[in-house]
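The values are calculated or read from the model by the stated rules, or taken from the named source; none is laboratory data. Every value quoted in this text rests on a predicted model; they were computed, and no experiment measured them. Virtual Cβ from ideal backbone geometry, glycine too; neighbours counted across all protein chains shown. Please note that ligands, DNA and RNA were not included when accessible areas were found on the heavy atoms of the full protein model with its side chains. Shrake-Rupley method; radii C 1.70, N 1.55, O 1.52, S 1.80 Å.
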Amino acid sequence: MRIIRRENIALIGFMGVGKTTCGQYLARRLGYDYLDTDQEIVKRAGQSIANIFKTQGEAAFRAMERELVYNTIPRLRHTIISTGGGLGANAEYVSVLKQYALVVHLHLPAEDIYERVKDNRSRPLLQTEDPLGRIRELLEQRLPVYHTAHVELTTQNRSLSQIVFQILLNYHHHAPRRRKK
Ligand code: S3P
């Protein structure tokens, strides 16, 4: 019998839904390590995300995400992983994440996302004339992949502790998971 242990939790979803805040809180609650893919890329590149996009282009940033998915995430144990909004929109990456973590999609309606991100200049994809339109367009493209998560939870009108409680309920229910060969 092969035992598949899901000893990590990965949070995916659009920019601004609360992946980083929830991830940090969850890690503290469980006494787990914490890995934020954006922060890890910034650390390794020695540059902000806005600068990576500006000087090396989006493709270079996506290659750094790929490196994390294939070379870093498979080695993690007892870690909460918060992902950048584009990472969890890549079907191939989500299927890798699902092998190593309980994957939770956090979501919000486009208007709520807009309210949360509108004054923040750190997200290059939203520096356009019509950020709300861009959010709607990207959400439409990305939702089919976000929906493949093991668990989906809204963060609308929920306190941090309510969201974390729901994630923990699911985690204790799903892991460790045993499967016959
Ligand atoms: C991106 C989301 C950002 C960051 C980059 C690209 C995206 O992360 O990875 O700006 O493609 O949605 P957050 O979801 O943490 O804002």
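Quick notes on this structure:
- Accessible area of the chain belonging to carbon and sulfur atoms, whole % at 1.4 Å probe: 47 percent
- Per residue, in Å², the accessible surface of region 8-174 once ligands and nucleic acids are set aside, probe 1.4 Å: 49 Å²
- Trypsin sites (Lys or Arg not before Pro) within region 35-138, DSSP loop, no more than 13 other Cβ atoms inside 10 Å: 77, 118, 121
- Pairs of Lys residues in the chain, spaced 8 or more positions apart or belonging to different chains, with C-alpha separations under 28 angstrom: 10 in total.
- The charge dipole of the chain, taken about the Cα centre with unit charges on the Cβ atoms of Lys, Arg (+1) and Asp, Glu (-1), comes to about 1100 debye, rounded to the nearest 20.
- Given charges at Cβ of Lys, Arg, Asp, Glu: region 8-174 dipole, positive-most of 138, 18, 128: 18
- Region 102-163: GluC sites (Glu not before Pro) falling in loop per DSSP and having at most 12 other Cβ within 10 Å: 129
- In a fully extended conformation the segment linking residue 47 and residue 137 would gain 29.6 nm over its present Cα-Cα distance, using 0.36 nm per residue.
- In plain terms, the chain from residue 96 to residue 130 could stretch by 8.9 nm, reckoned as 0.36 nm per residue minus the Cα-Cα distance.
- Using alpha-carbon coordinates, inclination of helix 160-174 to the longest axis of the chain, degrees: 40 degrees
- Note, ³J(HN,Hα) from phi for region 76-82, Karplus 6.51, -1.76, 1.60, rounded to Hz, x at Gly and Pro: 7, 9, 6, 9, 9, 10, 9
- The H on the amide N of residue 18, modeled in the peptide plane, is under 5 Å from the matching H of no residue at least 5 residues off or on a different chain.
- In Hz, Karplus ³J(HN,Hα) per residue of region 110-120 (6.51, -1.76, 1.60; θ = phi - 60°; x = Gly, Pro): 3, 5, 5, 4, 4, 4, 6, 9, 4, 9, 9
- Remark on residue 154: its backbone amide H falls under 5 Å from those of 107, a criterion applied only to residues 5 or more positions apart or on other chains, H modelled at 1.01 Å from N.
- Residues whose placed amide H lies under 5 Å from that of residue 103, excluding near-sequence neighbours: 10, 150, 151
- Where only DSSP H runs of four or more residues are counted, the chain gives -14500 deg cm²/dmol as its mean residue ellipticity at 222 nm, each run worth -39500 (n - 2.57).
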